[in-house]
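As structure tokens, the structure follows; a few thoughts come after it.
The values are calculated or read from the model by the stated rules, or taken from the named source; none is laboratory data. Predicted model only: the values in this text are computed from it and were never measured. No Cβ is skipped: glycine too gets one built from the backbone with ideal geometry, and neighbour counts run over all protein chains shown.
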Amino acid sequence: MTADTSGDEPAGARPDQPAAAPLPIADFDYALPPELIAQTPAEPRDAARLLVLPRTGGPVEHTVFRELGRYLRPGDLLVLNRTRVLPARLHGRRADAAGGRVELLLLRPDADGTWEALVRPARRLRPGTPLVFGDGRLEAVVVARTAAGTARVRLTPEPTEALLAAIGEMPLPPYIHGWHGDPERYQTVYADTLGSAAAPTAGLHFTPALLAALEAQGVALAYVTLHVGLDTFRPVHEVDARAHPMHRERCEVPPAVVAAVQRARAAGGRVIAVGTTSVRALESAALAAEQSSATAPATATPPDPPLAPYAGWTDLYVMPGYRYRVVDGLITNFHLPRSTLLLLVSALVGRERLLAAYAEAIRARYRFYSFGDAMLIL
């Protein structure tokens, strides 16, 4: 049965480590030369460099992404996030007497028909403020402000991807300046489920040909959905990283993914998440199944790991001390210092080992962040 917890507490709200153990965010910092922040995507996609980091020890290897198949074997499973980015950065104006330019970044729709959004200028856009975008093709009114610093807005008409593509822009991260390339280069080639405020960037390196070649060698593919939301734009400001509040995001792990994980386990294959968003979707589903099985009558030996289809919210915060239930390996980009994404990867491979790999990537002049190069952890 597919769980839908849209009205419940998010899955995975608890980490595994003891609450008393502090986690200084300063321990997850590193210095990056600004010129290593990638400003354009690799061409072609699979020409990006790939740093291979053995999870249990040993030297790193340097290769290119199109050589990924050398490190995978028949029976392995790649789990990819099929979310598609909304071209939802909107520039418009107030439609009242006050006038003035405004910016809206749509994050996600809510069940009541409103949208959660980042707005600028935030303090001036009070509830009831009317807005207009695209020479009147889209109108909005601010309904409320939220405790997270966002706003709820009501849009007329309900925006379609075609309308947003006509009047909006891709919400590129603030460290990418002046790129005006094909917007599809900020989408994965398999993106088909609209809803993200940012791309699941580890998947940007795949081409249709590479995916076909991996399947031909016996590597299975499965697709989850996690719509990337506000936490992509929120750094960790707390001294103790455990105090950082995770913003919840919508995710789905369908029955086909559960079956694919079970087949991989039975064949002795590895479950390799493509991106931190795929990690959070899989692990959220596993935690939900684990919690459900803990309260269910004991009728049979539960699977290892326990995993069931899941559709709902997640605010899973993966940090060192977390015990991975499903994920054996990870394909990921190089992440910002002091970020929840760096904490998640550290939980898989260890902080010191990860930061040493980052130092090697900097020495070797890898390109960092969303349009940058990739890392394979196995």
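Residues that are of a type outside the set (D, E), more than 23 Å from L204 (Cβ to Cβ) and surrounded by 22 or more Cβ atoms within 10 Å (Cβ to Cβ): does the range 302-311 have at least one? Looking for residues that are of a type outside the set (D, E), more than 23 Å from L204 (Cβ to Cβ) and surrounded by 22 or more Cβ atoms within 10 Å (Cβ to Cβ), one finds at least one in the range 302-311, hence yes. Please go through the range 102-134 and give me each residue that is out of contact with any helix residue (DSSP H, G or I) (no Cβ under 7 Å at 6 or more places or on another chain), within 22 Å of E169 (Cβ to Cβ), in contact (Cβ under 8 Å) with a residue 24 or more places away in the chain and in a loop (DSSP other than H, G, I, E, B), ordered by number. T114, L125, T129, listed by residue number.
Residues of the range 22-75 that are hydrophobic (A, V, I, L, M, F, W, C) and surrounded by fewer than 19 Cβ atoms within 10 Å (Cβ to Cβ): A26, A31, L32, L36, A47, V60, V64.
One line per residue, one yes/no per condition, for (1) farther than 16 Å from L86 by Cβ; (2) in contact with a helix residue (DSSP H, G or I) (Cβ under 8 Å, 6 or more places away or on another chain); (3) free of Cβ contacts under 8 Å to residues at least 40 places away in the same chain:
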| residue | (1), (2), (3) |
| --- | --- |
| L194 | no, yes, no |
| A202 | yes, yes, no |
| H205 | yes, yes, no |
| A216 | yes, no, yes |
| V219 | yes, yes, no |
| V224 | yes, yes, no |
| V236 | yes, yes, no |
| D240 | yes, yes, no |
| M246 | yes, yes, no |
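T188 fulfils the conditions (1) crowded, with 22+ Cβ neighbours inside 10 Å; (2) in contact with a Phe, Trp or Tyr (Cβ under 7 Å, 6 or more places away or on another chain); (3) not in a loop (DSSP other than H, G, I, E, B) except for a single criterion, (3). Regarding A140, is this residue modelled with pLDDT under 95, surrounded by 14 or more Cβ atoms within 10 Å (Cβ to Cβ) and not in a loop (DSSP other than H, G, I, E, B)? Taking the combined requirement at face value, the residue does not satisfy it. Scan the range 197-249 for residues that are within 24 Å of L164 (Cα to Cα) and polar (S, T, N, Q) and the total you get is 3. If you check A21, A42, A31 for being assigned to a loop (DSSP other than H, G, I, E, B), within 24 Å of Y223 (Cβ to Cβ) and either modelled with pLDDT of 95 or more or in contact with a helix residue (DSSP H, G or I) (Cβ under 9 Å, 6 or more places away or on another chain) (or both), only one passes: A42.
Kindly indicate whether any position in the range 340-353 is out of contact with any Phe, Trp or Tyr (no Cβ under 9 Å at 6 or more places or on another chain), assigned to a loop (DSSP other than H, G, I, E, B) and either closer than 26 Å to P22 by Cβ or not assigned by TED's automatic domain parsing to the domain that holds V64 (or both). Looking for residues that are out of contact with any Phe, Trp or Tyr (no Cβ under 9 Å at 6 or more places or on another chain), assigned to a loop (DSSP other than H, G, I, E, B) and either closer than 26 Å to P22 by Cβ or not assigned by TED's automatic domain parsing to the domain that holds V64 (or both), one finds at least one in the range 340-353, hence yes. Exactly one residue out of H237, H247 is surrounded by fewer than 24 Cβ atoms within 10 Å (Cβ to Cβ), in a loop (DSSP other than H, G, I, E, B) and in contact with a Leu (Cβ under 9 Å, 6 or more places away or on another chain): that is H247. Taken over the range 242-270, the residue count meeting the criterion of being under 28 Å from R338 (Cα atoms) and in contact with a strand residue (DSSP E or B) (Cβ under 7 Å, 6 or more places away or on another chain) is 5. I'm trying to understand the selection: among the residues of the range 143-153, which are part of a strand (DSSP E or B) and buried (at least 16 other Cβ atoms within 10 Å of the Cβ)? Correct list: V143, R145, A151, R152, V153. Checked against (1) farther than 26 Å from A117 by Cα; (2) modelled with pLDDT of 95 or more, S292 passes all but condition (2).
Examine the range 229-237 for a residue that is at pLDDT 95 or above and outside the structural domain of A147 (by TED's automatic domain parsing), and state whether such a residue exists. Looking through the range 229-237, none of the residues is at pLDDT 95 or above and outside the structural domain of A147 (by TED's automatic domain parsing). Scanning the range 69-93 for residues that are part of a loop (DSSP other than H, G, I, E, B) and charged (D, E, K, R) yields R73, D76, R82.
Within the range 250-273, how many residues are part of a helix (DSSP H, G or I) and within 14 Å of A308 (Cβ to Cβ)?
8
Restricting attention to the range 45-68, which residues are more than 23 Å from the chain's Cα centre (by Cα) and either of a type in the set (F, W, Y) or not in a strand (DSSP E or B) (or both)?
Initial filter on the range 45-68 (more than 23 Å from the chain's Cα centre (by Cα)): 56-63, 67.
T56, G57, G58, P59, V60, E67 - these are the residues of the range 45-68 that are more than 23 Å from the chain's Cα centre (by Cα) and either of a type in the set (F, W, Y) or not in a strand (DSSP E or B) (or both).
Of all residues in the range 162-178, those that are more than 17 Å from L118 (Cα to Cα) and small (G, A, S) have Cβ atoms under 7 Å from Cβ atoms of residues that are in a loop (DSSP other than H, G, I, E, B) and modelled with pLDDT of 90 or more, 6 or more apart or on another chain, in A165/P87; A166/G134.
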